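Engineer: Just passing along the structure, written as structure tokens.
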Amino acid sequence: MTVTTRFAPSPTGRLHVGNIRTALHNALFALANDGRFLLRIDDTDAERSTEQFVEDIVADLGWLGLTPDSSVRQSDRFDLYEREFDRLRQSGRVYPCFETPQELELRRKVLLGRGLPPVYERQPEGTPAPEGIEPHWRFRLDHGAAIEWDDLIRGHQRFDPALISDPVIRRADGSWLYLLPSVIDDIDLGISHVVRGEDHVSNSAVQIQMFEALGAPPPRFAHEALLVAAEGKLSKRLGSIGVEAARETGVEPMALLSVLARIGTSRPVEPEHRLADLARDFDFAYFGRAPAHFDFAEVEQVNARLLHGLDFAEVAGRLPAGVGEAEWQLLRGNVAHLGEVADWLPILQADIAPVDLSEEDKAFLGEAAAIVAKLDWADDPWPPIVAALKATGRKGRALFHPVRMALTGRESGPELAPLVRLLGRETTLARLQAAGL
């Protein structure tokens, strides 16, 4: 069996961290098992689906590097749904219903008032159809044996079908709801594993009977705990954090994916540079059932660690003009986002404003300038500079901090040894002299 997974977003909005995580886990599981990862656009809801969101979803997945092996759109597959629906209707597994929403709600309240589960009550066989009302259609659940499966994350699952309402699968206007077309697609596309949120567990129970009614074995299921905000509460904020927000903030795709791959598991979050690295030991056995806590601050931290390990070739095309390999090697440990590299260009390439230092520090920098003026820069100048400056009796912060302020105008920054080499003799000398005045 070829492992085949699918990500099935509805084009009614941009991707957010919740469905990015679902897409990622489907992609990683396929990659870890030499399988296939498919994209299915669930655009049966014509009123809410837009072509712009389809384009946005494809673009977002592309930026993340989650490129599917193939893609389909449900709006192109209505003939297939119609054919399978007719087959189920002829076998008696789907049937027409005529109740209005108001009638269903009233009956639900009556059942609850009697202390009974609010399960849909089938009409007796042969009940005449009311005139002038188009039916909606329900799938007839088999109330015999319990519905059971071994979930890859939640373990053994068991549902009593008699306590589940026959689900509506088609509206009176002929449009489709989610449940049946998804099953038909999974059969037709050979989906072996369905990976999605735990809010779909009851849907899976119903869909297992749909697979069986269509003569197909159900796929394996993995229902993940949902994301919650870092403070532990479900938050609408999570719905606003997606590719667009990540790009605006300047985080790397792999920083976001490194976090989303591991939160909710027993594995530590580490910055990885490639999807293959995340997939190498991807296993649903590591996933827990507790809510997965997402904090964008953690993405920021991982992003900084990721940048610190990126080689020049991996970022060369996205760096400002004038930043070569030497500049990148110098700066990469001091930026949390790639865009911050541009902030350092004036310090590396232009004059800097004089800094406010104590008279003692100015005198010390005057000595440093005199030392630098006498040195031969043919070899590495930093060791003899340090040796000569230590002879003044200064050490630690008192020795290095004034030099850093003179050379960069900042309290912190890259290591001084490579900075001095990159600035060169003339610039280093000029800045020390200016700070020592």
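The values are calculated or read from the model by the stated rules, or taken from the named source; none is laboratory data. In this text, all values refer to a predicted model and were calculated from it rather than measured experimentally. Cβ: placed from backbone, ideal geometry, glycine included. Neighbour counts: every protein chain shown. Just so you know, the surface numbers come from the protein's heavy atoms only, side chains and all, with ligands and any DNA or RNA stripped out. Shrake-Rupley method; radii C 1.70, N 1.55, O 1.52, S 1.80 Å.
Engineer: What does the extension gain come out to for Lys395 and Arg48, with contour length at 0.36 nm per residue minus their alpha carbon separation? Kindly include the intermediate steps, with their values, before the conclusion.
Structural biologist: Details: separation 347, 0.36 × 347 = 124.92 nm, distance 6.72 nm.
Here the segment from Lys395 to Arg48 would lengthen by 118.2 nm.
Engineer: Using a 1.4 Å probe, how large is the accessible area of Met405, given in Å² and rounded to the nearest 10?
Structural biologist: Roughly 20 Å² of Met405 is accessible to a 1.4 Å probe.
Engineer: What span do the alpha-carbon atoms of the range 184-289 cover on each of the three principal axes, reported in whole Å from largest to smallest?
Structural biologist: Sorted from largest, the Cα extents of the range 184-289 read 48, 32, 27 Å.
Engineer: Of all the accessible heavy-atom surface of the chain, with the other protein chains kept in place and a 1.4 Å probe, what percent is carbon and sulfur?
Structural biologist: 51 percent
Engineer: Tell me which residues come under 5 Å, amide H to amide H, from Ser10 once H is placed; ignore anything under 5 positions away on its chain.
Structural biologist: Those qualifying (amide H under 5 Å, at least 5 residues apart or on another chain) are Asp42.
Engineer: What accessible area per residue comes out for the range 142-265, rounded to a whole number of Å², with a 1.4 Å probe?
Structural biologist: Each residue of the range 142-265 exposes 40 Å² on average to a 1.4 Å probe.
Engineer: Sorted by accessible area (1.4 Å probe), largest first, how do Leu163, Leu330 line up?
Structural biologist: Leu163, Leu330
Engineer: As a test of reading the structure, rank Glu99, Glu426 by solvent-accessible area (1.4 Å probe, protein chains only), most first.
Structural biologist: Numbers: Glu99 35, Glu426 125 Å².
Greatest to least solvent exposure: Glu426, Glu99.
Engineer: Moving on. Where q = 0.24 Å⁻¹, what log10 of I(q)/I(0) comes from the Debye formula for the range 146-185, counting one point per Cα?
Structural biologist: Each listed q corresponds, in turn, to -0.91.
Engineer: Next up: Could you list which residues have their amide H under 5 Å from that of Ile153, counting only those 5 or more apart in sequence or on another chain, with H placed in the peptide plane?
Structural biologist: The list, which skips near neighbours in sequence, is His223.
Engineer: Over the range 174-296, what is the relative contact order in percent, taking alpha-carbon pairs closer than 8 angstrom and at least six residues apart?
Structural biologist: Across the range 174-296, relative contact order equals 25 percent.
Engineer: In the neighborhood of Thr2, defined by Cβ-to-Cβ distances under 12 Å, what is the net charge if each Lys or Arg adds +1 and each Asp or Glu adds -1?
Structural biologist: Numbers: positive: Arg36; negative: Asp34, Asp69.
Local net charge: -1.
Engineer: May I pose another question? For the range 49-111, what is the accessible area per residue in Å², given a 1.4 Å probe and the full set of protein chains?
Structural biologist: Normalised by residue count, the accessible surface of the range 49-111 is 58 Å².
Engineer: What is the gain in length, in nm to one decimal, between Ala417 and Glu131 on full extension, counting 0.36 nm per residue of separation less the C-alpha to C-alpha distance?
Structural biologist: 94.1 nm
Engineer: If amide hydrogens are placed 1.01 Å from N in the peptide plane, which non-local residues have theirs closer than 5 Å to the one on Arg170?
Structural biologist: Under 5 Å from the amide H of Arg170: Trp137, Leu177.
Engineer: Let me ask something else. In whole Å, what are the extents of the range 213-365 along the principal axes defined by its C-alpha atoms, from largest to smallest?
Structural biologist: Extents along the principal axes: 85, 35, 26 Å.
Engineer: Can you give me the convex hull volume of the Cα atoms of the range 143-215, divided per residue and expressed in Å³?
Structural biologist: Taking only Cα atoms, the range 143-215 has a hull volume of 111 Å³ per residue.
Engineer: Restricting to bridges with both residues inside the chain, how much of the DSSP beta-bridge set is antiparallel, in percent to the nearest 5?
Structural biologist: Antiparallel bridges: around 45 percent, rounded to the nearest 5.
Engineer: While we're on this one: Any chance you could list the semi-axes, whole Å, largest first, of the equivalent ellipsoid that the Cα gyration tensor gives for the chain, using √(5λ)?
Structural biologist: Rounded to whole Å, the semi-axes are 64, 20, 19.
Engineer: With every protein chain kept in the model, how would you rank Tyr81, Tyr178, Tyr120 by accessible area, 1.4 Å probe, largest at the top? Don't skip to the answer; put the middle values down first.
Structural biologist: On the way: Tyr81 0, Tyr178 75, Tyr120 30 Å².
Largest accessible area first, the list is Tyr178, Tyr120, Tyr81.
Engineer: Within the set of other residues whose C-beta is less than 9 Å from the C-beta of Ile263, count the net charge using Lys and Arg as +1 and Asp and Glu as -1. Before the final figure, lay out the partial values.
Structural biologist: Working: positive: Arg21, Arg262; negative: Asp295, Glu298.
Summing Lys/Arg as +1 and Asp/Glu as -1 gives 0.
Engineer: While we're on this one: So what are the radius of gyration and Dmax for the Cα set of the range 1-128, in Å?
Structural biologist: 20.3, 56
Engineer: If contacts are Cα pairs under 8 angstrom and at least 6 residues apart, what is the relative contact order of the chain in percent?
Structural biologist: Numbers: 609 pairs, mean separation 59.2, N = 437.
Across the chain, relative contact order equals 14 percent.
Engineer: Which of the peptides 179-190, 122-133 is most tightly packed, and how do the rest follow, going by the mean number of other Cβ atoms within 10 Å of each residue?
Structural biologist: Values: 179-190: 20.6, 122-133: 8.7.
Order by mean packing, descending: 179-190, 122-133.
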